[in-house]
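Working notes, beginning with the structure itself.
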Amino acid sequence: MSDLSHIDLEKEKRDILNAYRGLLRACKRSRDREDTRMIRKAFNVAVDAHKDMRRKSGEPYIFHPIAVARICAEEIGLGTTSIVCALLHDTVEDTDITLDDINNMFGPKAEQIIDGLTKISGVFDQSTSLQAENFRKMLLTLSDDVRVILIKLADRLHNMRTLGSMRRDKQLKIASETSYLYAPLAHRLGLYSIKSELEDLSLKYKEPDVYAEISEKLKKTQAVRARFVSRFILPLKRALTNEGFRFEIKGRPKSIYSIWNKMRKKGIPFEEVYDLFAIRIILEIPQENEKPLCWRVYSIVTDFYQPNPDRLRDWVSTPKGNGYESLHTTVMSPTGKWVEVQIRSLRMDDIAEKGYAAHWKYKESSENESGLDVWLSKIRDMLENTEESALDFIDDFKMNLFSDEIFIFTPKGDLKTLPAGATTLDFAFEIHTQVGASCIGAKVNHKLVPLSHKLKSGDQVEIITSSKQKPKADWLDFVVTAKAKSKIKSSLKEEKNRVAADGKEILQRKFKNLKVHFTGENVTLLVNHYKLDSATELYYRIAKGNIDLKPIKKLVVKGGQLKAKATPSTRKQSTLEQMVTNARGKSDQLVIGDDMEKIDYTLSKCCNPIPGDDVFGFVTVQDGIKIHRENCPNATALMSNYAYRIVKARWASQELIEFQTGLRFTGIDDVGLVNKITGIISTQNNVNMRSISFETNDGVFEGNVIVFVHDTDHLDHLIQNLTDIDGVLKVERIANDDV
Ligand code: MN
């Protein structure tokens with residue numbers, strides 16, 4: 001026995017050394033002797049610090065930091081400092097090593113980065129805290145050093161790659177966070193390959209069946225795609241070679257996640273999505289000639305294939321906000337299929353795949369580097385407004401992430417980038433806070449327009465201001481940029497505080513008349529009495545005349561004290577905690593259908609779960625526990641923002657209870673079809689129906705029905721029988737509300 005474990009340890013040591021050598025090979029490009037010395041030192045420190053720790057999978061912990069460092073080097077293109085920090089990223093948090101140790105051994109820069117990483121994971125890994133707030137804290141550290149975020153992304157990527165050994169509920173939580181926060185962040189930083197991999201991996205754990213099905217189908221159709229690509233690129237290859245280009249040309253299949261996303265959004269089957277892909281032409285050309293040569297290649301491509309004029313995208317002349325550069329066109333293939341062709345230099349491709357880190361490699365083009373600074377300063381703008389709740393912040397942030405960009409010109413011809421849907425007022429705030437605050441209108445292409453006018457790419461905008469103007473609450477209804485929103489909110493808040501100061505004086509006088517002491521206690525009592533959130537709100541309403549102070553008299557008791565009439569409001573948080581604890585019960589799990597009386601739960605309307613579905617409970621103060629399906633469209637947001645309110649749940653076995661669910665049919669209209677359907681439902685499957693509706697349109701019928709079933713097996717069986725009817729094309733489950 002002891003012999004065996006001895007051999008295992010020897011083998012482990014060899015494996016660790018091999019992993020370390022793999023890391024060194026991955027960062028060959030940027031390494032001199034001093035770099036190698038630092039990396040080896042960090043490796044030795046990390047090996048020693050983690051020597052007694054193992055991961056959930058059972059392997060020695062040190063494999064994780066080595067893998068994270070390798071991702072930093074190989075997939076993000078980071079340099080020695082980052083590799084050293086990645087190797088050490090979990091030491092301060094999980095081992096005896098201190099920040100001082102890091103400073104002594106590796107210098108102040110490494111200390112600062114590891115401090116940032118430790119702080120992030122300190123707040124991030126508590127399942128009880130609000131993820132959105134943590135995300136905001138994480139972004140705050142961006143202002144110190146963006147490498148903290150890049151290493152954190154590498155850390156998350158490796159954790160996602162090794163998620164298989166975690167518990168199912170942990171998998172769901174981590175996968176949800178990943179698709180909600182990390183993948184968009186990677187996207188914003190321009191890390192396209194990491195973003196796609198994070199999305200694919202989170203889908204793999206959130207929707208294992210969907211993931212398996214799509215990847216299986218992709219495998220089966222690969223040969224057909226490859227044939228199409230090689231036929232399509234054959235004439236291009238010849239022409240490019242004739243003109244003396246050195247290049248690589250390849251077909252890029254879509255990621256599993258993006259295929260799924262498209263199927264879901266457009267409601268179309270795999271077969272209509274799978275063959276959508278891009279052809280990418282990567283040119284080895286000198287940087288100073290990139291633009292004319294990319295256009296030369298565009299000209300060659302369109303000599304062979306007809307381009308769609310609406311689908312030309314020139315991110316060579318004007319790179320995207322996240323640094324992306326490429327020339328895109330969509331052309332018609334001989335078989336009549338649209339194919340996107342992406343033309344770019346090797347440098348552009350590097351940046352597109354690895355993001356900003358790759359920019360640092362191409363330092364000589366310092367103009368493009370400012371893109372990162374612009375992005376960082378935008379993030380800082382958003383973070384400055386600390387009053388905004390974390391969730392609002394995330395929404396604004398995501399809004400700014402996902403929307404397309406438009407380009408707007410000042411009268412002097414300066415270019416500003418804004419999210420699509422931005423208004424003249426957003427543009428005004430983009431120029432300067434004061435310009436936004438005093439904006440009364442604008443001239444767009446020399447025509448007068450209101451503040452809420454939506455801008456289009458290429459507009460030239462001149463802002464008109466007035467010293468009498470003040471920010472208004474209804475401005476918030478139409479601005480879209482986080483910057484404009486936060487500036488308007490803080491200005492409104494200042495205004496409110498000013499008005500509230502008057503209200504405070506009025507109340508002080510009133511108290512004096514009634515001989516009531518002006519104490520915090522008495523003010524709080526009034527705040528509760530009027531069911532308000534804060535003293536400021538109370539003062540503000542008093543100043544505006546919205547509160548009648550006369551009834552206060554009745555609250556006065558002796559000694560300048562007020563007395564509450566009603567009981568003060570209960571503390572929400574503790575109620576919630578209590579409910580979560582009750583719901584979890586002894587088994588740390590909610591069993592649905594068992595203690596029906598004792599626990600107050602409802603089946604949520606958005607996804608309409610029935611027994612057999614994978615579900616979880618979400619605790620709410622007002623409506624008790626809501627049961628959602630794990631693949632509910634709202635689940636991701638709930639799990640990543642309110643992890644502490646999620647309760648594991650399973651169905652108790654039950655035969656007697658029936659649950660209702662909706663079904664939608666589509667098919668070819670045929671005499672007697674409705675009879676066949678209702679016959680199958682009620683007689684063959686012995687299922688009760690509640691409502692049924694059918695509609696025919698040009699020979700195509702669509703029908704909805706609500707049925708009562710016991711569980712998913714029962715339902716699947718019914719759907720199968722219905723699909724077998726001649727003329728029925730599709731039967732799908734829908735929420736009750738859609739019927
Ligand atoms: Mn880690």
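A short reminder: the numbers here are calculations on the coordinates, not readings from a lab. This one's a predicted model, so the numbers in the text were calculated from it and none came from an experiment. Cβ placement follows ideal geometry from the backbone for every residue including glycine, while neighbour counts extend to all protein chains displayed.
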query = Arranged from highest to lowest average of other beta-carbon atoms within 10 Å per residue, in what order do the peptides 530-538, 627-635 appear?
reply = 627-635, 530-538
ask   = With each label point set 7 Å from Cα along the Cα-Cβ vector, what nm distance links N497 and D96?
value = 4.9
inquiry  = Between K515 and V224, what is 0.36 nm times their sequence separation minus the Cα-Cα distance? Round to one decimal in nm.
reply    = 95.9 nm
inquiry  = Suppose each label sits 7 Å from its Cα in the direction of the beta carbon; what would the R167-D614 distance come out to in nanometres?
reply    = 1.6
note = Rounded to the nearest 0.05, FRET efficiency between Q720 and E577 (Cβ-Cβ, R0 45 Å) equals 0.50
query = From the backbone phi of region 290-297, what are the Karplus-calculated ³J(HN,Hα) couplings (6.51 cos²θ - 1.76 cosθ + 1.60, θ = phi - 60°) in whole Hz, Gly and Pro given as x?
reply = 3, 5, x, 6, 4, 5, 4, 5
message = If I stretch the segment between A735 and F407 completely, what's the gain in nm (0.36 nm per residue apart, minus their alpha carbon distance), one decimal?
response = 114.0 nm
message = Suppose the chain between H432 and R231 were pulled fully straight at 0.36 nm per residue; how much longer would it get relative to their current alpha carbon spacing?
response = 67.0 nm
ask   = Under 12 Å from the 7 Å Cα→Cβ point of K51, by amide nitrogen: which residues of region 92-110?
value = none
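Stokes-Einstein at 37 °C, 0.692 mPa s, Kirkwood radius from Cα pairs: D for region 169-260 in µm² s⁻¹?
Once the numbers are plugged in, D ends up at 212 µm²/s.
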request  = Provide the per-residue ³J(HN,Hα) series for region 298-305, in order, calculated from phi with Karplus coefficients 6.51, -1.76, 1.60 and θ = phi - 60°, each as a whole number of Hz, with x at glycine and proline positions.
outcome  = 4, 5, 5, 4, 7, 5, 8, 10
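For the pair R584 and K553, what calculated FRET efficiency results from E = 1/(1 + (r/R0)^6), where r is the Cβ-Cβ distance and R0 = 60 Å, to the nearest 0.05?
Working: r = 49 Å, r/R0 = 0.81.
Efficiency, rounded to the nearest 0.05: 0.80.
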key: Residue-by-residue Karplus 3J(HN,Hα) for region 700-713, coefficients 6.51, -1.76, 1.60, Hz, glycine and proline x   = 10, 10, 9, x, 10, 8, 9, 10, 10, 10, 7, 6, 5, 4
ask   = Ordered by packing density, taken as the mean number of other Cβ atoms within 10 Å over each peptide's residues, highest first, how do 608-615, 14-21 rank?
value = 608-615, 14-21
request  = Rank by packing, highest mean first: peptides 43-53, 301-311, 438-448, with packing defined as the count of other Cβ atoms within 10 Å averaged across residues.
outcome  = 43-53, 438-448, 301-311
